[in-house]
Amino acid sequence: VGADLDPLSVLISRAKTTPISASELSKVARIPHEVDYSDGTPSLIPEVKNLHHWFTPDAVRELSAVKSRCLTLPEPTKTFALVVFSSIIRRVSNADDQTQKTYVSHTLPKRPPPPHELLPIFVQRAIRGMEEYARLLPKPPSGTVLQADARWVPAGAEFEDVVTSPPMWTQSSTSTTRC
């Protein structure tokens, strides 16, 4: 059982805990080469007032094309592909990468790489990680990840695997906490 309030965190947790077959991973590996980056998908472009403050028009178009391709895949491959897609968004944005604070620097403007350059690198990294994860599993995992408050664990729940993402407990509080 997994729980998080953040929908993106739920998606990431589901992707990290669901092994993907080699044949499905090969579909993800082809995405960077199959996407027509020049042809965006307007219906997938969010209606954000200052979108072009955060992203160049080319990045918006390319990101919408990548997301459109990811959405054509079957589950759980689609979830895995969408998580890889989400992993490049900050890097291809105009937002400063050197700080956790999200802002666009006007004193030292960023020249973000275009999605078509970054996506192949992140896809290969994610595939290697999934292959290693699947190789290390003694048996296929079972469980669910819910969009919910993680402080409320069902009585008698047992866990075989714990996946965390920031913010994490400090080392001192972890040693005194029992799952």
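The values are calculated or read from the model by the stated rules, or taken from the named source; none is laboratory data. Because the structure is a prediction, the values reported are computed rather than measured. As a convention, Cβ positions derive from the backbone with ideal geometry for all residues, glycine included, and neighbour counts pool all protein chains shown.
Structure summary
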{"read-out": "Filter pass, Ser68 being at pLDDT 95 or above and either small (Gly, Ala, Ser) or at positive phi (or both)", "value": "yes"}
{"read-out": "Residue in the stretch 3-16 that is more than 24 Å from Thr144 (Cβ to Cβ), in contact with a helix residue (DSSP H, G or I) (Cβ under 8 Å, 6 or more places away or on another chain) and not β-branched (Val, Ile, Thr) present", "value": "no"}
{"read-out": "Single residue of Ile31, Ile12 found to be crowded, with 19+ Cβ neighbours inside 10 Å, in contact with a Cys (Cβ under 8 Å, 6 or more places away or on another chain), within 27 Å of Glu117 (Cβ to Cβ) and in contact (Cβ under 8 Å) with a residue 40 or more places away in the chain", "value": "Ile31"}
{"read-out": "Options Val48, Val66: the member that is among the hydrophobic types (A, V, I, L, M, F, W, C) and in contact (Cβ under 8 Å) with a residue 40 or more places away in the chain", "value": "Val66"}
{"read-out": "Subset tally (residues that are surrounded by 10 or more Cβ atoms within 10 Å (Cβ to Cβ) and not in a helix (DSSP H, G or I)) for the stretch 110-139", "value": "5"}
{"read-out": "Among (1) farther than 23 Å from Gly129 by Cα; (2) modelled with pLDDT of 90 or more, the one test that Ile31 misses", "value": "(1)"}
{"read-out": "Candidate set from the stretch 34-55 (those that are over 18 Å from Asn94 (Cβ atoms) and under 19 Å from the mean Cα position of the chain (by Cα)); member that is modelled with the highest pLDDT", "value": "Val35"}
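Conditions tested, residue by residue: (1) outside any helix (DSSP H, G or I); (2) in contact with a helix residue (DSSP H, G or I) (Cβ under 6 Å, 6 or more places away or on another chain).
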{"residue": "Ser23", "(1), (2)": "no, no"}
{"residue": "Glu47", "(1), (2)": "yes, no"}
{"residue": "Leu63", "(1), (2)": "no, yes"}
{"residue": "Arg69", "(1), (2)": "no, yes"}
{"residue": "Leu73", "(1), (2)": "yes, yes"}
